[in-house]
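Here the structure is laid out as structure tokens; the discussion comes afterwards.
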Amino acid sequence: MPTITVAEHAGACYGVQRALDLVHQVAGDATGPVHTLGPLIHNPQVVAGLESAGVTVVEDVPREAGSTLVLRTHGVVPEVERVARERGLSFVDATCPYVKRVHHAAERLQRDGYQVIVVGESGHPEVEAILGHAPGAVAVADVASLEGITLSKRVGVVVQTTQAKARLDQVISALTARVPEVCVVNTICEATSERQQAARELAAGSDVMVVIGGRNSANTTRLAEICASACGRTHHIETPAELEGLWFEGAEAIGVTAGASTPMAQIDALVSAIRGLL
Ligand code: SF4
């Protein structure tokens, strides 16, 4: 009988699990409508499950007083909280505490007179929220994006939580070559790199890898790419219903992993479904 091994670090990270617990609690307690500002996580099954529990996704701050707005893990610009308060909404802040740490670091650096640079993907909701907490700050995706930016003599750097350390190091070396004082607050969250490293190791020793999670989830798609580079028989699925028995023919070691937006219950369901096919 083949072995099925779940990667040492897999599935919902601390911030996502905390947000899910909060929203379920709110859905159970609230007397009025409950909304999340954007999908709570990039996982269609979870979002559909929340909808059946009465939690709907809105793209803008709702106008109905008495409703509850849940702010997702990526965080929001301060303006959103102000508008929600003005409209008489209750809001539940599910921003991951590690993301809050970036907001506080950016605010502090700006207060201390540094020009704030955010190493991250411009346009990503987390980066936009960080920029909102330090007006005037600029986002740079890589060293090339530093070109054309007029740098002051004192630059403070924070990082989008999911960035790779290598990218941060490159930006820091480019900055230190041009700026007399660079103050860096490394705000990278290890959840992403831990999942990638564990997936890489597991895939290297597996005959088949199954990665479960939203196809719209960047971190799950990246995990699937990493697994595919170490194990040719890698499959990225959203639900166990997509499994095919043929995938496991002749396999002795089967590996399973999932991105930070996949709750543990989905991993357990996947493992049971694979067992049922062997
Ligand atoms: S990946 Fe890290 S920063 Fe992002 S939600 Fe999870 S724990 Fe928080």
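Projecting label points 7 angstrom from Cα along Cα→Cβ for LYS165 and ALA204 puts them 1.7 nm apart.
The share of Cα pairs per 5 Å bin across the stretch 199-278, counted from zero up to the longest distance, runs 3, 18, 30, 27, 18, 4, 0 percent. Fewest neighbouring Cβ atoms within 10 Å first, the residues ILE4, ILE117 line up as ILE4, ILE117. Taking other C-beta atoms within 10 angstrom as a stand-in for reagent exposure, VAL159, VAL256, VAL271 fall in the order VAL271, VAL256, VAL159, fewest first.
Relative to the dominant Cα principal axis of the chain, helix 218-230 is inclined by about 50°. With 0.36 nm allotted per residue and the present C-alpha distance subtracted, the GLU147-ARG87 stretch has 17.4 nm of extension available. A Förster radius of 30 Å, combined with the Cβ-Cβ distance separating LEU22 from ALA269, puts the computed FRET efficiency at roughly 0.85.
Considering only ALA164, ALA228, ALA30, the Gaussian network model of the chain with Cα springs below 10 Å gives its largest mean-square fluctuation to ALA30. Neighbours of ASP21, meaning other residues whose beta-carbon lies under 14 angstrom from its beta-carbon, give a summed charge of 0 when Lys and Arg score +1 and Asp and Glu score -1.
Local charge for ALA228 was computed over the other residues whose Cβ lies under 13 Å away, with Lys and Arg +1 and Asp and Glu -1, and equals +2. Here the dipole of the stretch 14-96 is about 80 debye; that uses its Cα centre as origin and unit charges on the Cβ of Lys and Arg (positive) and Asp and Glu (negative). Projected onto its three principal axes, the C-alpha set of the stretch 98-188 covers 29, 26, 20 Å, listed from the longest axis down.
Cα convex hull, the chain: 126 Å³ per residue, rounded to a whole number.
Neighbours of GLU249 by Cβ distance under 13 Å: Lys/Arg scored +1, Asp/Glu scored -1, total -2. Between the C-alpha center of the stretch 140-202 and that of the stretch 105-121 there is a gap of 13 Å.
Each principal axis of the Cα cloud of the stretch 14-96 was evaluated for its coordinate range; sorted largest first, these ranges are 32, 25, 19 Å. Select from GLY245, GLY232, GLY75 the residue whose mean-square fluctuation is largest in a Gaussian network model of the chain (Cα-Cα springs shorter than 10 Å). The residue that fluctuates most here is GLY245.
Structure remark: mean-square fluctuation, Gaussian network model of the chain, C-alpha springs under 10 Å; the largest value among GLU194, GLU81, GLU147 belongs to GLU147.
The numbers here are math on the coordinates, done by the rules we state, and not lab data. If you're wondering where the values come from, they're calculated on a predicted model, not measured in any experiment. Please note: Cβ atoms are built from the backbone with ideal geometry, for glycine as well, and neighbour counts cover all protein chains shown.
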